[in-house]
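Below is one structure, written out as structure tokens; comments come after it.
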């Protein structure tokens, strides 16, 4: 018999993406930022935009896999890299496939830890992207409270990568990504 979380995977995967990235996917516990509510599709939306709680979607999201990372602990979180270079959207899906999420770098200490622990010769996708007009937010729609841009960045790139400091690139560029697990 197929695990219940695998049956729900098509719905969960489709909920990860929104063509204009206006609304992020609902977070753990069906949480949404900035007064948005989790709608029946698992997308954060304005209350007047069909945003309503649905018990069947709650049950499917609750049945999704639990994060099992045990490596690279820092500040109550664990981190891993994707095993291959992926586009930003595919990397986000990979991070969420085992109960984790894209990394939100929120402090200089965390940024330094990631640089020293998970460094590579190329950029590493982290969870930020342009939500329009060079307004960068995290994958869940929350604002960047800490940044570490290279001089001249951000620029015309849509998604945030880091190689020491942060830069932007087209989201279709394949990079290894940093995934995070809240523990």
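The values are calculated or read from the model by the stated rules, or taken from the named source; none is laboratory data. Model, not experiment: these values are computed from the prediction. Quick reminder, even Gly has a Cβ in these numbers, built from the backbone with ideal geometry, and neighbours come from all protein chains shown.
Hey, can you tell me all the residues within the range 154-183 that are modelled with pLDDT under 90 and surrounded by 16 or more Cβ atoms within 10 Å (Cβ to Cβ)?
157, 181
Just give me the residues in the range 75-98 being in a loop (DSSP other than H, G, I, E, B) and either at pLDDT 95 or above or touching a helix residue (DSSP H, G or I) at 6+ places or on another chain (Cβ under 9 Å) (or both), in sequence order. Please lay out each step first, then the result.
We begin by selecting, within the range 75-98, every residue in a loop (DSSP other than H, G, I, E, B); these are 75-76, 82-85, 87, 97-98.
Result: 75, 82, 83, 84, 85, 87, 97.
Do we find that residue 56 is modelled with pLDDT under 90, surrounded by 16 or more Cβ atoms within 10 Å (Cβ to Cβ), farther than 22 Å from residue 166 by Cβ and out of contact with any strand residue (DSSP E or B) (no Cβ under 9 Å at 6 or more places or on another chain) in this structure? Full working, then the answer.
Values: modelled with pLDDT under 90: yes; surrounded by 16 or more Cβ atoms within 10 Å (Cβ to Cβ): no; farther than 22 Å from residue 166 by Cβ: yes; out of contact with any strand residue (DSSP E or B) (no Cβ under 9 Å at 6 or more places or on another chain): yes.
When the stated conditions are applied, residue 56 does not pass them.
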